Amino acid sequence: MVTKVLSGEKAIEEGARLIQSGEVVAFPTETVYGLGGNALDPNSIAKIYKAKGRPSDNPLIVHVSRVEDIDPLVKEFSEINRRLVQEFMPGAITLLFPRSELVPIEVTAGLGTVGIRIPSCEVARQFISACGVPIAAPSANASTRVSPTTAGHVLEDMDGRIPLIIDGGECQVGIESTVLDLTSDIPTILRPGAVTAEMLLSVLGTVKTHEGEVLSSAPAPGMKYKHYATSVPMVLAESVNSLIAEYDEMSGRGLKVVALVRSESVGSMQGRNYIDIGATDEEVCRNIYKIMRDAEKEYGYIVCIHLGFEGVCASVMNRLTKSAGGKVV
Ligand code: AMP
Ligand code: MG
């Protein structure tokens, strides 16, 4: 299969036509690129799992372009969910609802709940709207690989496996959506993202946070798989000093090492290979997957500075910790 990369109106038209004929299409969102298929068609869903090599017990998020399109997909739309939708959608959050009969069991990996999101990315919403059906979409990477934030990243993983990638440029948020479970007793963040616990507290009285632990007491289904991993070893460094010590030690052993550091620490690198991951937390979040992909191509060992757990950093650290297999120096 030839994989086309198109942008603009033509891409959306072609993408919608493919979706309607049961194909899968990669498309941009503000979080990461998604690999979309008709959420109401089990055959399309099977193609998504196949293209990604994704285990079938890892559920997909259903994307819609308008709030009113949520209703047919859910059995119950509680008052609290309505308020969350009003406050945070469109945006980088996925809410879990009791699943209606309309949603095939393949989408939710057999669960009674369905995760629903309305992307804020214009291209994403135009595409979904043109399709005329809800779009089930996981991230458009091959299973276990770093999520794609450009069309080029998608092509690296999906070339020859899907007919079309809609190119909408770089993703503006850069990590996957926050997944919030309101079907449990206490609202629980299953996966942290750009919509933080602090932000959710403005609507919810209580929220169980993820706080960057590698495993939470209620991990999201699918979290037991290795996720977000670079193809070369990576470790986190608690300080610039420990980063330099690890760098020098591993270089001494003959590895081609790269340091991922914040802009403020670039001056301390003194002739060592480094990538500037950004000055602000938002910049780091937006760039981190691209940088991980760039780093794994050129280097054999990655040492990344610890970001702390303030705000969106907790969410980025969640991914980095997984990629590093929990290893901190
Ligand atoms: P991805 O689209 O690749 O980021 O993967 C979607 C993730 O959303 C899954 O791995 C789960 O962690 C989460 N998710 C989606 N639907 C549900 C659901 N019904 N219940 C719990 N978690 C879900
Ligand atoms: Mg994913």
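The values are calculated or read from the model by the stated rules, or taken from the named source; none is laboratory data. Computed from a predicted model, the values in this text were never measured in an experiment. In this analysis, Cβ positions are derived from the backbone assuming ideal geometry, glycine residues included, and neighbour counts consider all displayed protein chains. Surface areas here come from the heavy atoms of the whole protein model, side chains and all, with no ligands, DNA or RNA. Shrake-Rupley method; radii C 1.70, N 1.55, O 1.52, S 1.80 Å.
A few points about this structure:
- Dipole of the stretch 242-329, positive end: most advanced residue of Tyr274, Gly254, Val328 [Cβ charges, Cα centre]: Gly254
- Expressed to the nearest 5 percent, the antiparallel share of DSSP beta bridges inside the chain is 40 percent.
- The GluC sites (Glu not before Pro) of the stretch 237-313 meeting both criteria, a DSSP state outside H, G, I, E and B (loop) and at most 13 other C-beta atoms within 10 angstrom of the site's C-beta, are Glu238, Glu310.
- Straight-line cross-link reach from Lys256 at under 17 Å between alpha-carbon atoms covers these lysines, not counting any fewer than eight positions away in the same chain: Lys297.
- Overall size of the chain from C-alpha positions, given as principal axis extents largest first: 59, 50, 30 Å.
- Contact order normalised by residue count of the stretch 1-116, Cα under 8 Å, 6+ apart, percent: 24 percent
- Size descriptors for the stretch 284-329 (Cα atoms only): Rg and Dmax, in that order, 10.6, 31 Å.
- Placing +1 on the Cβ of every Lys and Arg and -1 on the Cβ of every Asp and Glu, with no other charges, gives the chain a dipole of roughly 800 debye about its Cα centre.
- Loop-resident sites, the stretch 242-308, for trypsin sites (Lys or Arg not before Pro), counting at most 13 other Cβ within 10 Å (DSSP): Arg253, Lys256
- Alpha-carbon centroids, the stretch 237-316 and the stretch 154-191: separation in whole Å: 24 Å
- Loop trypsin sites (Lys or Arg not before Pro), the stretch 53-130 (other Cβ atoms within 10 Å of the site Cβ: 15 or fewer; DSSP): Arg66, Lys75
- Mean accessible surface per residue for the chain, computed with a 1.4 Å probe while every protein chain stays in place, in Å²: 41 Å²
- Reciprocal of mean inverse Cα separation for the stretch 1-107 (Kirkwood radius, Å): 15.3 Å
- Taking the C-alpha atoms only, the angle from helix 8-20 to the longest principal axis of the chain is near 60 degrees.
- Annotation for Ser184 and Asp248: the two label points, set 7 Å from Cα along the Cα-Cβ direction, are 4.4 nm apart.
- Its relative contact order, with pairs defined as Cα atoms under 8 Å and 6+ residues apart, puts the chain at 20 percent.
- Check: the stretch 15-157 dipole with +1 on Lys, Arg Cβ and -1 on Asp, Glu Cβ, in debye: 200 debye
- For the residue pairs Lys47/Lys322; Lys52/Lys290; Lys4/Lys52, the alpha carbons lie more than 21 Å apart in Lys47/Lys322.
- Projecting the Cα atoms of Ile80, Thr149, Val5 onto the dipole axis of the chain, where Lys and Arg carry +1 and Asp and Glu carry -1 at the beta carbon, places Val5 farthest toward the positive end.
- Fraction of accessible area attributable to carbon and sulfur, the chain (%, probe 1.4 Å): 50 percent
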